[in-house]
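Report on the following structure.
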Protein chains: 2
Amino acid sequence: MEEVKVFAPATVANVSCGFDVLGFCLDHVGDTVIVRKSNTPGVRITKIEGQELPLETKKNVAGVAVEALLEQIETPFGFEIEIEKGIKAGSGIGSSAASSAGAVVGVNALLGNPFSRNELIAFAMKGEELASGAAHADNVSPALLGGFTLVRCGKKPDVISLPAPTELFATIIHPKIELRTADARSVLKQSISLDKAIQQWGNVGALVSGLYTNNYKLISRALVDVIIEPERSILIPHFDELKATALAAGGLGGGISGSGPSLFTLSRGEKTAENVRQALIKSFEPHGIPFDTFVSKINTHGAKIV
Amino acid sequence: MEEVKVFAPATVANVSCGFDVLGFCLDHVGDTVIVRKSNTPGVRITKIEGQELPLETKKNVAGVAVEALLEQIETPFGFEIEIEKGIKAGSGIGSSAASSAGAVVGVNALLGNPFSRNELIAFAMKGEELASGAAHADNVSPALLGGFTLVRCGKKPDVISLPAPTELFATIIHPKIELRTADARSVLKQSISLDKAIQQWGNVGALVSGLYTNNYKLISRALVDVIIEPERSILIPHFDELKATALAAGGLGGGISGSGPSLFTLSRGEKTAENVRQALIKSFEPHGIPFDTFVSKINTHGAKIV
């Protein structure tokens, strides 16, 4: 095999209560990454379509992710990478994670898969470090493993795959405003109240339980963020209105996707998720801010060779 | 039926990472509560054996729990309650919760079980409010439902039953020192760092996942408390030594049971739990502080009519 094409999906990190630890994988929206063996050693980004992003390897998230992988294994050849961006950078649905995940999956395939999907996470995280200044695994984990994932903090990420109830569908609305991850992080208070933290970890535990038991009502009750959302939602225009609209249209719950500005809503059944999407369009259109919406099932396999 | 005898088990609240939300039910150690119909209306505590505790209904946790139940249902008769304390008050393994749970289970049975076990939780919590000043459900929930439980915070407790892996066994060591719940709460900082909170809710999610998947290694990694234990363990003599001893003897993890002073350790298999117990005895005996130890399986049914 000399060349592979990888579809690397968008992802939702945080999932309301699970700031920095939970994430899930979207379907059919993502980046396409072509990885090709080359006689020239090293990694080159040869083409990026759909966005203006740096071609220089060390400034490109896919480039640094693949370089991290190649530090762990000797190869007699180099790699060329082409990226077709299907996810807008800065949208909050794991744009950098998708490119990083797609690239390491492609290189790993061309090497005969010496690394497991779980092992690839650490490499893809190097891309996240470049993109946001922090090596978070909450987008790359679902992008590589699919479904829902939980990342325990530690020196090395400890990533746990959680089940995705089959009737869960996500609705995404992306208000096209500029919102940098670094800015979204800077509004967060570094000190929080113990009482709120207790509520939050109760909700994380309840959400995980709901995922294992297909308990949609419990999932709905648990999708509450009392810590990050109140701080961060002020950066997203009409956030409260959008969230209320999604719930009124039948959504189980939702909130800011990653560090925003996209919002996610989880619903039971594709029809409800589509109803939510229509309601969000109707609510947001009058504000005159450009936006995108889509409905997605939960992708249970992650980045995939196509 | 004119009289019932209820065995109400001891419980472990908090379970390391799950402060105020997680708990599990112990076996064979607990209070025995006899509830008898009486022609005199109202609730009377007629006898308490094994401890000096108030007989006055409004000062007794079982009394106030039953009174809370009787506010919701009319009865043509009253109740007499006898309590044989098998759990020392202030030991940190749910002494007040056991008496409250046992009493409401007994009264409910004599009334033909108009309330579900889940509905009894709110009544038993009134006993907890009397005992500690806060209406917590983290001991009464496992005492009533068995197994592991998770309590979502809210105006009404939202209690979720979690599975208990069959090979899990608990080792309890109770250093017989005085440690009031109110004092144990007063050492806690009301403001905590976001970073530590993230670690904690990652661990809560991981522990819940481990319980659903019988993943003992994950349970072990998740049994970490970075917030409460560092503050509260200073109140328990030789805590660090005891905890290290339990882990060295093969325990998966553990920490302070409830607000202490008891320590719990979870192990895979009864033999390991017994090894942990022996190691704890050997470690603690030289300190000259009286103590008790026992090993218990996880009780999956909670308080039981015997």
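Overview of values
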item	result
Among the residues listed as B:GLY106, B:GLY146, B:GLY102, the single one being modelled with pLDDT of 95 or more and in contact with a Cys (Cβ under 6 Å, 6 or more places away or on another chain)	B:GLY146
Qualifying residue in the stretch B:101-109 (condition: surrounded by fewer than 17 Cβ atoms within 10 Å (Cβ to Cβ) and either outside any helix (DSSP H, G or I) or without any contact (Cβ under 8 Å) to a residue 24 or more places away in the chain (or both))	no
Selected residue [buried (at least 24 other Cβ atoms within 10 Å of the Cβ) and within 14 Å of chain B (Cβ to nearest Cβ)] from A:LEU150, A:LEU188, A:LEU144	A:LEU150
Residue in the stretch A:263-286 that is aromatic (Phe, Trp, Tyr) and closer than 25 Å to A:ALA8 by Cβ present	yes
Positions within the stretch A:237-292 being assigned to a strand (DSSP E or B), among the aliphatic types (A, V, I, L, M) and over 10 Å from A:ILE173 (Cβ atoms), in sequence order	A:ILE256, A:LEU266
Number of the exception - A:GLU285 against (1) acidic (Asp, Glu); (2) touching a residue at least 40 places away in the same chain (Cβ under 8 Å); (3) in contact with a Phe, Trp or Tyr (Cβ under 9 Å, 6 or more places away or on another chain)	(2)
Residue that is nearest to B:GLY205 (Cα to Cα), among those in the stretch A:1-59 that are surrounded by fewer than 16 Cβ atoms within 10 Å (Cβ to Cβ) and of a type in the set (Gly, Ala, Ser)	A:GLY50
Criterion violated by B:ASP195 - all others in (1) surrounded by fewer than 22 Cβ atoms within 10 Å (Cβ to Cβ); (2) under 30 Å from A:SER191 (Cα atoms); (3) within 7 Å of chain A (Cβ to nearest Cβ) satisfied	(3)
Hits in the stretch B:275-304 (condition: over 24 Å from B:ILE228 (Cβ atoms) and surrounded by fewer than 18 Cβ atoms within 10 Å (Cβ to Cβ))	B:GLN278, B:ILE281, B:LYS282, B:GLU285, B:PRO286, B:GLY288, B:PRO290, B:LYS297, B:THR300, B:HIS301, B:LYS304
Selection status of A:ILE219, buried (at least 18 other Cβ atoms within 10 Å of the Cβ), in contact with a helix residue (DSSP H, G or I) (Cβ under 7 Å, 6 or more places away or on another chain) and modelled with pLDDT of 95 or more	yes
Of residues in the stretch A:166-185 being surrounded by 19 or more Cβ atoms within 10 Å (Cβ to Cβ) and at pLDDT 95 or above, the one nearest to the other protein chains (Cβ to nearest Cβ)	A:LEU168
Boolean, B:GLY23 is among the small types (Gly, Ala, Ser), in contact (Cβ under 8 Å) with a residue 24 or more places away in the chain, within 30 Å of B:GLU231 (Cα to Cα) and assigned by TED's automatic domain parsing to the domain that holds B:LEU145	yes
Segments classed as strands (runs of 3 or more DSSP E), wholly inside the stretch B:1-98, with at least 1 members that are of a type in the set (Gly, Ala, Ser) and within 14 Å of chain A (Cβ to nearest Cβ)	B:3-13, B:22-38
Any hit, the stretch B:252-266, residues being crowded, with 21+ Cβ neighbours inside 10 Å and more than 18 Å from the chain's Cα centre (by Cα)	yes
Residue in the stretch A:9-23 that is out of contact with any His (no Cβ under 8 Å at 6 or more places or on another chain), among the hydroxyl-bearing types (Ser, Thr, Tyr) and within 30 Å of A:ARG221 (Cα to Cα) present	yes
Check on A:VAL33, under 14 Å from A:ALA97 (Cβ atoms) and in contact (Cβ under 8 Å) with a residue 60 or more places away in the chain	yes
Selection status of B:LEU207, over 24 Å from B:GLU128 (Cα atoms), buried (at least 17 other Cβ atoms within 10 Å of the Cβ) and within 14 Å of chain A (Cβ to nearest Cβ)	yes
Residues of the stretch A:176-200 satisfying the condition of being without any contact (Cβ under 8 Å) to a residue 12 or more places away in the chain and under 21 Å from the mean Cα position of the chain (by Cα)	A:SER186
Residue pairs meeting the criteria (Cβ under 9 Å; at least 6 apart or on separate chains; first farther than 24 Å from A:GLN190 by Cα and within 11 Å of chain B (Cβ to nearest Cβ), in the stretch A:215-244; second of a type in the set (Ser, Thr, Tyr) and part of a helix (DSSP H, G or I))	A:ASN215/A:SER209; A:LEU218/A:SER209
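Conditions tested, residue by residue: (1) under 27 Å from B:GLN199 (Cβ atoms); (2) in the same structural domain as A:VAL12 (by TED's automatic domain parsing); (3) of a type in the set (S, T, N, Q).
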position	(1), (2), (3)
A:ILE173	no, no, no
A:SER191	yes, no, yes
A:ILE198	yes, no, no
A:GLY205	yes, no, no
A:GLY210	yes, no, no
A:HIS238	no, no, no
A:ALA244	no, no, no
A:LEU247	no, no, no
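The values are calculated or read from the model by the stated rules, or taken from the named source; none is laboratory data. As the structure is a prediction and not an experimental result, all values here were calculated from the model. Cβ coordinates were reconstructed from backbone atoms using ideal geometry, including for glycine residues, and neighbour counts include every protein chain displayed.
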